[in-house]
Amino acid sequence: MEVKADSRKFYEIECDALAVGVFEGEKPDAGVLAELDQRTGGVLTSLIETGEFTGKASESAYVHSTGEMKARRLLLLGAGKRDEFKPDNVRRMAGVAARTLRGKKARTFAFLQRFGLDASECAQAATEGALLALFEPDKYHTSDKTESHLDQMMIATDGTELDATKAGIERGRIIAEATNFGREVINEPSNVMTPTEMASKAAEVAKAYGLTLDVLDEDQMRELGMGSLLGVAQGSAEPAKLIVLSYKPKTKSDETVAIVGKGVTFDTGGISIKPADGMEKMKYDMAGGATTIAAMRAIAQLKPSVNVLGIVPATENMPGGRAQRPGDVVRAMTGKTIEVINTDAEGRLILADAVAYARKLGATKIVDLATLTGAVSIALGDVYVAILGNNQEWIDTVIAAAKKSGEKFWQLPLDKEYREQIKSEIADIKNIGGRKAGTITGAYFIREFVEDTPWVHLDIAGTAWNDSTKPYLAIGPTGVCVRTLVNLVC
Ligand code: BES
Ligand code: MN
Ligand code: ZN
């Protein structure tokens, strides 16, 4: 779907539907709502007076007869409370509009920008909301695919805000298309999305958007001493890959932000095998890696002024004949020895070598993201991403980027007392820390390999997958963190 800015009066725009947000308790007695009410023969007044439409968030009303307007239908959307209204509300409303109108077989719709927020931010949010809402994980359906005839969204704006609106749309489109690309990659089954295939997705992005790509094979990893990553990979017939995308700005910068994403293309648990029930979902254990590639795709287009590395350790975690065993000791690239108590705690093992490699490549700041622990869903459900780190300033910077993008992050502590739980009798460290504070001990393990580089860890195991379709988002991969990572560097 194409998104464009339109400065005509809302009633002059020829389209299948006009979508208009209305605040809770708002009366159509002034401004554009009064005009809308008048042109539709008082339909707003009537809907509001009867209580059929109150403006509560997630409410909507579909009006067939639009009177003196060129739009063939009117879709009213609850905008919620005016004093709580943020660009993220616009994102959701645009998403509800797009999915609702797709269901009504619309081809074109206009979205009226009337919220008193920054025009560019608002247009970006509306564009993102609509494009993200239209994604469906139905690539492999050969019948009953979700039909969509939507080919144009017009963001109706005041003439004075036309340029800002256009800029917001462009940024929103780049970010949303990158996110949907990432969701497409996450949604692929593991027989398709192998580590090798992930590397070719990265190659596609590098070629199309002008990034440098380096893919290390297992021999190269062995030479670098990445025993921790290779230990996970050794049970699988699919060769592991360490994917490195790199972006350099035109003017030289001393800052290098490394984004490091867990790319376990299928997690059986290895010899510490997972129960069969729900194991199919472990195809999304590469969401961190796909998100990294997706963010790099947007970053390449938005061209920030700092160096950015996108690093994806990609491997399966399989219980093959050569698989590592519980009790094995491996040596990571930094020289630290690890006792592998549970082969299902594999994410931290591959990230240990990947973050160390980020440092070797000159990273001055690191963000890793991973579907690392089931425990994060117990703590925060599917609402918040857990954020932990070794440097409060860097943590705060990432949280601020998340706020700007409408993604929810919640910080968990990482005090040194938790180190006790991953002490090993046999080696420098062990890879699990017992039942208590699972998300924290997982992060602590990674911390041991970033040394003194400012680092944050994002646990997206709870938020990377949407278990049920929402009015503004399909079931399946969410693409969480693409927006935050892009905002962080651009
Ligand atoms: N990939 C899983 C975590 C996961 C669980 C992601 C559910 C998405 C949904 C990870 O590799 C894992 O198995 N973690 C273990 C760690 C444990 C063995 C310390 C877990 O959370 O149970
Ligand atoms: Mn696992
Ligand atoms: Zn895993």
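Return the residues of region 265-281 that are at negative phi and within 13 Å of ligand 3 (Cβ to nearest atom); say none if nothing qualifies.
Answer for region 265-281, where residues must be at negative phi and within 13 Å of ligand 3 (Cβ to nearest atom): T265, F266, D267, T268, S272, I273, K274, M279, K281.
So is K303 on the phi < 0 side of the Ramachandran plot and not polar (S, T, N, Q) or not?
No: the conditions fail for K303.
Kindly list the number of the only condition in (1) among the acidic types (D, E); (2) within 16 Å of ligand 1 (Cβ to nearest atom); (3) open to solvent by 10 Å² or more (accessible area, probe 1.4 Å) that fails for D285.
All conditions pass for D285, except number (3).
Kindly indicate whether any position in region 424-433 is in a loop (DSSP other than H, G, I, E, B), on the phi > 0 side of the Ramachandran plot and among the aliphatic types (A, V, I, L, M).
Scanning region 424-433, I find no residue that is in a loop (DSSP other than H, G, I, E, B), on the phi > 0 side of the Ramachandran plot and among the aliphatic types (A, V, I, L, M), so the answer is no.
Return yes when R8 is closer than 24 Å to G159 by Cβ and open to solvent by 10 Å² or more (accessible area, probe 1.4 Å) and no when it is not.
Spelling it out, R8 is indeed closer than 24 Å to G159 by Cβ and open to solvent by 10 Å² or more (accessible area, probe 1.4 Å).
Out of R102, R73, which single residue is modelled with pLDDT of 95 or more, under 17 Å from D16 (Cβ atoms) and open to solvent by 30 Å² or more (accessible area, probe 1.4 Å)?
R73
Would you tally the residues in region 170-208 being outside any helix (DSSP H, G or I) and open to solvent by less than 10 Å² (accessible area, probe 1.4 Å)?
1
I'd like the full set of residues that are surrounded by 24 or more Cβ atoms within 10 Å (Cβ to Cβ) and charged (D, E, K, R), limited to region 448-490.
Once the filter is applied, which keeps residues that are surrounded by 24 or more Cβ atoms within 10 Å (Cβ to Cβ) and charged (D, E, K, R), region 448-490 yields D459, R483.
For residues in region 390-426 being of a type in the set (V, I, T) and under 27 Å from T343 (Cβ atoms), which is farthest from ligand 2 (Cβ to nearest atom)?
Result: I426.
For I387, which of the numbered conditions (1) farther than 15 Å from T441 by Cα; (2) away from ligand 2 (no atom under 16 Å from the Cβ); (3) not hydroxyl-bearing (S, T, Y) fails to hold?
(1)
Is there a residue being under 23 Å from L162 (Cβ atoms), in contact with a Phe, Trp or Tyr (Cβ under 8 Å, 6 or more places away or on another chain) and crowded, with 17+ Cβ neighbours inside 10 Å anywhere in region 54-70?
Yes, that holds for at least one residue.
Could you list, in sequence order, all residues of region 382-407 that are in contact (Cβ under 8 Å) with a residue 40 or more places away in the chain, over 12 Å from V456 (Cα atoms) and away from ligand 1 (no atom under 16 Å from the Cβ)?
Matches in region 382-407: A401, A402, K404, S405, G406, E407.
For region 323-339, how many residues meet the condition of being open to solvent by 50 Å² or more (accessible area, probe 1.4 Å) and either polar (S, T, N, Q) or within 16 Å of ligand 3 (Cβ to nearest atom) (or both)?
2
Return the total of residues in region 40-53 being under 20 Å from F115 (Cβ atoms) and either assigned to a loop (DSSP other than H, G, I, E, B) or open to solvent by 10 Å² or more (accessible area, probe 1.4 Å) (or both).
3
Which ones in region 306-339 are hydrophobic (A, V, I, L, M, F, W, C) and away from ligand 2 (no atom under 14 Å from the Cβ)?
Within region 306-339, V306, V308, L309, I311, V312, A314, V329, V330, A332, M333, I338 qualify.
Could you grab the pairs with beta carbons closer than 6 Å, sequence gap of 6+ or different chains, first residue in region 333-355 and under 20 Å from L309 (Cβ atoms), second one hydroxyl-bearing (S, T, Y)?
Every condition considered, the pairs that remain are A352/S228; D353/S228.
Going residue by residue through region 267-275, is there one that turns out to be open to solvent by 10 Å² or more (accessible area, probe 1.4 Å), under 17 Å from A461 (Cβ atoms) and within 18 Å of the chain's Cα centre (by Cα)?
no
If I filter region 340-351 for residues that are in a loop (DSSP other than H, G, I, E, B), away from ligand 2 (no atom under 16 Å from the Cβ) and surrounded by fewer than 23 Cβ atoms within 10 Å (Cβ to Cβ), do I get at least one hit?
So far as region 340-351 goes, no, none of its residues is in a loop (DSSP other than H, G, I, E, B), away from ligand 2 (no atom under 16 Å from the Cβ) and surrounded by fewer than 23 Cβ atoms within 10 Å (Cβ to Cβ).
Out of curiosity, is A370 within 15 Å of M221 (Cβ to Cβ), within 16 Å of ligand 2 (Cβ to nearest atom) and within 21 Å of the chain's Cα centre (by Cα)?
No, not satisfied.
For region 358-367, how many residues meet the condition of being open to solvent by less than 20 Å² (accessible area, probe 1.4 Å) and more than 20 Å from the chain's Cα centre (by Cα)?
Residues meeting the conditions: 2.
Would you mind stating whether A379 is hydrophobic (A, V, I, L, M, F, W, C), open to solvent by 10 Å² or more (accessible area, probe 1.4 Å), within 15 Å of ligand 1 (Cβ to nearest atom) and in contact (Cβ under 8 Å) with a residue 60 or more places away in the chain?
yes
Between G362, G320, which is closer than 29 Å to A206 by Cα, outside any helix (DSSP H, G or I), more than 14 Å from ligand 3 (Cβ to nearest atom) and touching a residue at least 40 places away in the same chain (Cβ under 8 Å)?
G362
Could you count how many residues in region 328-361 are hydroxyl-bearing (S, T, Y) and within 16 Å of ligand 1 (Cβ to nearest atom)?
1
Can you name the residue in region 11-39 that is open to solvent by less than 20 Å² (accessible area, probe 1.4 Å) and of a type in the set (V, I, T) and is also farthest from E68 (Cα to Cα) among such residues?
Per the stated criteria, the residue is V22.
The values are calculated or read from the model by the stated rules, or taken from the named source; none is laboratory data. All values reported here derive from a predicted model rather than from experimental measurement. Virtual Cβ from ideal backbone geometry, glycine too; neighbours counted across all protein chains shown. Ligands, DNA and RNA are excluded from the accessible area calculation, which covers all protein heavy atoms including side chains. Shrake-Rupley method; radii C 1.70, N 1.55, O 1.52, S 1.80 Å.
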